[in-house]
1. So how strong a dipole does the chain carry about its Cα centre when Lys and Arg Cβ are +1 and Asp and Glu Cβ are -1, to the nearest 20 debye?
2. What angle do you read, to the nearest 10 degrees and between 0 and 90, between the alpha-carbon axis of helix 10-23 and the longest principal axis of the chain?
3. Calculate the spin-label point distance for Ala120 paired with Arg55, positioning each point 7 Å from the Cα along the beta-carbon direction, and give it in nanometres.
4. Keeping all protein chains in place, calculate the accessible area per residue for the chain (probe 1.4 angstrom), answer in Å².
5. Quick one: accessible surface of Met1, probe radius 1.4 Å, all protein chains present, in square angstrom to the nearest 10.
6. Helix-only mean residue ellipticity at 222 nm, the chain, DSSP H runs n ≥ 4 weighted -39,500 (n - 2.57), per residue, nearest 500. What is it?
7. Could I have the simple spin-label model distance between Glu83 and Glu31, label points 7 Å from Cα toward Cβ, reported in nm to one decimal?
8. Net charge around Lys131, counting only other residues with Cβ within less than 10 Å of its Cβ (Lys, Arg = +1; Asp, Glu = -1)?
Amino acid sequence: MSIKFESRSVNEAFARQAVGAFASQLDPTMEELGDIKTVVSEAVTNAIVHGYAGRSGFITVAVRLFEGRALEIKIKDTGCGIENVEQARKPMFTTGDDSRSGMGFTIMESFTDRLRVRSAPGRGTVVTMTKVLRERET
């Protein structure tokens, strides 16, 4: 599944719900579904607030389902990019104002099994998250 939308904060909820609905094919628990929606929310918000920093652009969200109850979520922007990804992944680091906690990547990493961040200044950022859902009891 792939969706593309404008980098407006009102679209964050749309992205979260769309990914949650698509992931529901794997029959996740409520906790797992909450984790999925949370990481999408964090990644999309990062793209809007930091990637585009007040200017307009587009965000693409792609989700793939795999055997073994796994899903991969890829969120891409073509915004300003991240100069130092290692620094940006540290808790409390933010390029936003004082109202931002700087915990986005930390939350994404905590709620997924794998987090990759690729970025280039002036070219944008791709955040790829993998989540493996627990086997359901039959």
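1. Numbers: 19 positive and 18 negative charges, 90 e Å.
In total the dipole reaches around 440 debye.
2. Here the helix axis deviates by roughly 30 degrees.
3. According to this spin-label approximation, the distance is 1.7 nm.
4. Working: 7820 Å² over 138 residues.
Solvent-accessible surface per residue comes out at 57 Å².
5. Spelled out: Met1, probe radius 1.4 Å, area about 70 Å².
6. Working: 4 runs with 43 residues, N = 138.
Per the formula, -9500 deg cm²/dmol.
7. So the label points at Glu83 and Glu31 sit 4.1 nm apart.
8. Details: positive: Arg69, Arg114; negative: Glu32, Asp35, Glu72, Asp113.
Every neighbour counted, the sum reads -2.
The values are calculated or read from the model by the stated rules, or taken from the named source; none is laboratory data. Just so it is clear, the model here is predicted, and its values are computed rather than measured. Positions of Cβ are backbone-derived with ideal geometry, glycine not excepted, and every protein chain shown enters the neighbour counts. Areas reflect the complete protein model, heavy atoms only, side chains present, ligands, DNA and RNA absent. Shrake-Rupley method; radii C 1.70, N 1.55, O 1.52, S 1.80 Å.
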